[in-house]
1. Can you give me the number of residues within the range 158-192 that are surrounded by fewer than 16 Cβ atoms within 10 Å (Cβ to Cβ) and on the phi > 0 side of the Ramachandran plot?
2. Taking residue 195 as the residue in question, decide whether it is within 23 Å of residue 114 (Cβ to Cβ), under 17 Å from the mean Cα position of the chain (by Cα) and either crowded, with 16+ Cβ neighbours inside 10 Å or basic (Lys, Arg) (or both).
3. I need a count of the residues in the range 39-58 that are over 21 Å from residue 120 (Cβ atoms) and either charged (D, E, K, R) or at pLDDT 95 or above (or both).
4. Checking the condition under 21 Å from residue 136 (Cα atoms) and of a type outside the set (Phe, Trp, Tyr), which residue from 58, 10 passes?
5. Pairs, please: C-beta under 8 Å, at least 6 apart or cross-chain, first residue closer than 14 Å to residue 15 by Cβ and in the range 56-68, second modelled with pLDDT under 95 and surrounded by fewer than 21 Cβ atoms within 10 Å (Cβ to Cβ)?
6. Enumerate the helices (runs of 4 or more DSSP H) found wholly within the range 10-89, keeping only those where 3 or more residues are crowded, with 24+ Cβ neighbours inside 10 Å.
7. Within the range 181-216, how many residues are within 30 Å of residue 76 (Cα to Cα) and modelled with pLDDT under 80?
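The values are calculated or read from the model by the stated rules, or taken from the named source; none is laboratory data. Just so it is clear, the structure is predicted and the values come from calculations on it, not from any experiment. With ideal geometry, Cβ positions are generated from the backbone for all residues, glycine too; neighbour counts draw on all protein chains shown.
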Amino acid sequence: MAVISSFAALGDSFTEGVGDPQPDGRGWRGWADRFASIAARQVPEFRYANLAIRGKLLGQIAASQVPAAAAMRPDLVSIAAGGNDLLRPRADPDELAAVLDAAVGELAAAGSRVLVFTGFDPRPFPVVRMIRGKAAAFNARIRQIAARRGLLLADLWVMGVLADPREWCDDRLHLGPDGHRRVALRAAEVAGLPAGADWREPLPPRPALAGPAAAAWLAARRGDVQWAREHATPWVSRRLRGVSSGDGLSAKRPQLGPL
């Protein structure tokens, strides 16, 4: 069994926990908080930092969060990034991989064990699935980096249960609470921590669709239109204005400290 006395989590909205509200409704929980709770069961003096901020690009994370985490020298540091980059038309998986490689090298040189993640398979979702090829190419580079450097790797692409839309928020970009829970269990498995549950546990069967197939198809397209209006359009608007959902926000746990 692994012993992790300190953990720092780096990244964007995925690691900040967007989509998984805190029990009191104030802020986000997310997989990293859940993973920290698992790790803290093993070590009473466990300390945890979460530097992730929604909307951040990989280069921004490498420039600000990575040096801060390296200075903390935690036992374990996670970095999950690149998804926001891949949503941009000019994103190059090879260039992103070079940035990630340098970032994990800096973290490892500080003496921390490094945990990296592949991206999810976006196939289940219209529009977002258009980046599937780039995401697969970037994931291949991540796997190569992890193997060459001896990093811990949580491969989210192969988590078939996350292909179910019920594991996601309405925006189709962020996991819901159970999705975050399963990623935390996956990370604990990779890190050698006893999680007490299995991320592979199947979801209950979906209710049978009532009515003809054409009606179900039409309902799905209406859902796509609603998604475009409520989520895609604001995202495009921010890109055109050169702003990010994370502008002006600070990390929720900027220093290592007890849970």
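1. Looking only at that region, the number is 1.
2. no
3. So in the range 39-58, the residues over 21 Å from residue 120 (Cβ atoms) come out as 39-49, 51.
Checking the rest, the ones that are also either charged (D, E, K, R) or at pLDDT 95 or above (or both) come to 39-41, 45-49, 51.
Residues in the range 39-58 being over 21 Å from residue 120 (Cβ atoms) and either charged (D, E, K, R) or at pLDDT 95 or above (or both): 9 in total.
4. Working: 10 fails: under 21 Å from residue 136 (Cα atoms).
Of the residues listed, the single one that is under 21 Å from residue 136 (Cα atoms) and of a type outside the set (Phe, Trp, Tyr) is 58.
5. 56/244; 56/246
6. Answer list for the range 10-89: 13-16, 30-40.
7. 0
Yes/no per residue for (1) in the same structural domain as residue 174 (by TED's automatic domain parsing); (2) touching a residue at least 24 places away in the same chain (Cβ under 8 Å); (3) small (Gly, Ala, Ser); (4) closer than 19 Å to residue 146 by Cα:
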position: 28; (1), (2), (3), (4): yes, yes, no, no
position: 79; (1), (2), (3), (4): yes, yes, no, yes
position: 94; (1), (2), (3), (4): yes, yes, no, yes
position: 110; (1), (2), (3), (4): yes, yes, yes, yes
